Amino acid sequence: MSKVQVIAHPLIQHKLSILRRTDTSTKAFRELVDEIAMLMGYEVLRDLPLEDVEIETPITKTVQKQLAGKKLAIVPILRAGIGMVDGLLSLVPAAKVGHIGMYRDEETLQPVEYLVKLPEDIDQRRIFVVDPMLATGGSAILAIDSLKKRGASNITFVCLVAAPEGVAALEEAHPEVPILTAALDERLNEQGYIVPGLGDAGDRLFGTK
Ligand code: PRP
Ligand code: URA
């Protein structure tokens, strides 16, 4: 069974189309990534556990629901994943944030890990790995390998644009990890870029090219 879920809310699709445009500025790109991540948050967090709580309204005592306070962690893959953190944190401000630094070698397209800094109790947390792009899948797979090596088990991957090749590779490497994306694009090109995609997410987010 495929674990990929496309979160295709009209607001997300509209904002994603602006994000993809070549003439979208760095400032607008950053704002849009933040907004889309927050909008995706409603679906991403839809199965957070609830517990009963007794409260008093002006009318009566009643038993209602509150979040069960399960420990969460948001783990962006640097650099571009950073752009998705604040949008999710605005919904779950108590979540801890870990960082995994990784870049794709431009020749081989293989990911190279250069930083792993995680909450100490990462093995006890529900983890959302975030990165705008799932292209070959190499970066996501290595990031999740890295988390599992440190005892993590409850992991969801959240991206904005996925290629079918990346989805297939991630599903094969980590079949139990749900993949949530705002769009599933056509394919990868010869350089490993997603088509139609949005270009290099890190460069567009930070204005480095
Ligand atoms: C981009 C993107 C992903 C990766 C996806 O990062 O943010 O991490 O490529 O490609 P893959 O699925 O083929 O691994 P990049 O390597 O460009 O690093 P950057 O964010 O530092 O620019
Ligand atoms: N990384 C990106 O930033 N964009 C792509 O299209 C593929 C990998």
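The values are calculated or read from the model by the stated rules, or taken from the named source; none is laboratory data. The structure presented is a predicted model; accordingly, all values stated were derived computationally and were not measured. All Cβ positions, even for glycine, are placed from backbone atoms using ideal geometry, and neighbour counts span all protein chains on display. All accessible areas refer to the heavy atoms of the entire protein, side chains included, with ligands and DNA or RNA removed. Shrake-Rupley method; radii C 1.70, N 1.55, O 1.52, S 1.80 Å.
Comparison of V112, V177 shows that the only residue that is farther than 20 Å from G83 by Cβ and open to solvent by less than 40 Å² (accessible area, probe 1.4 Å) is V177.
Being near ligand 2 (Cβ under 10 Å from one of its atoms) and not hydrophobic (A, V, I, L, M, F, W, C) is a condition met by at least one residue of segment 122-133. Candidates A169, A140, A162: the one that is open to solvent by 10 Å² or more (accessible area, probe 1.4 Å), of a type in the set (A, V, I, L, M) and modelled with pLDDT of 95 or more is A169.
Whether any residue in segment 93-107 is surrounded by 20 or more Cβ atoms within 10 Å (Cβ to Cβ) and within 13 Å of ligand 2 (Cβ to nearest atom) is what I want to check. Yes; the residues of segment 93-107 include at least one that is surrounded by 20 or more Cβ atoms within 10 Å (Cβ to Cβ) and within 13 Å of ligand 2 (Cβ to nearest atom).
I77 meets each of the listed conditions (1) within 8 Å of ligand 1 (Cβ to nearest atom); (2) open to solvent by 10 Å² or more (accessible area, probe 1.4 Å); (3) under 27 Å from I12 (Cα atoms); (4) hydrophobic (A, V, I, L, M, F, W, C) apart from (2). Would you confirm, using the coordinates I've provided, whether L205 is out of contact with any strand residue (DSSP E or B) (no Cβ under 8 Å at 6 or more places or on another chain) and assigned to a helix (DSSP H, G or I)? Criteria met by L205. Considering each residue of segment 52-65 in turn, at least one proves to be touching an Asp or Glu at 6+ places or on another chain (Cβ under 7 Å), in contact (Cβ under 8 Å) with a residue 12 or more places away in the chain and over 25 Å from G207 (Cβ atoms). Of everything in segment 1-19, what is open to solvent by 60 Å² or more (accessible area, probe 1.4 Å) and of a type in the set (K, R)? Give them in sequence order. Listed by number, the list holds a single entry, K3.
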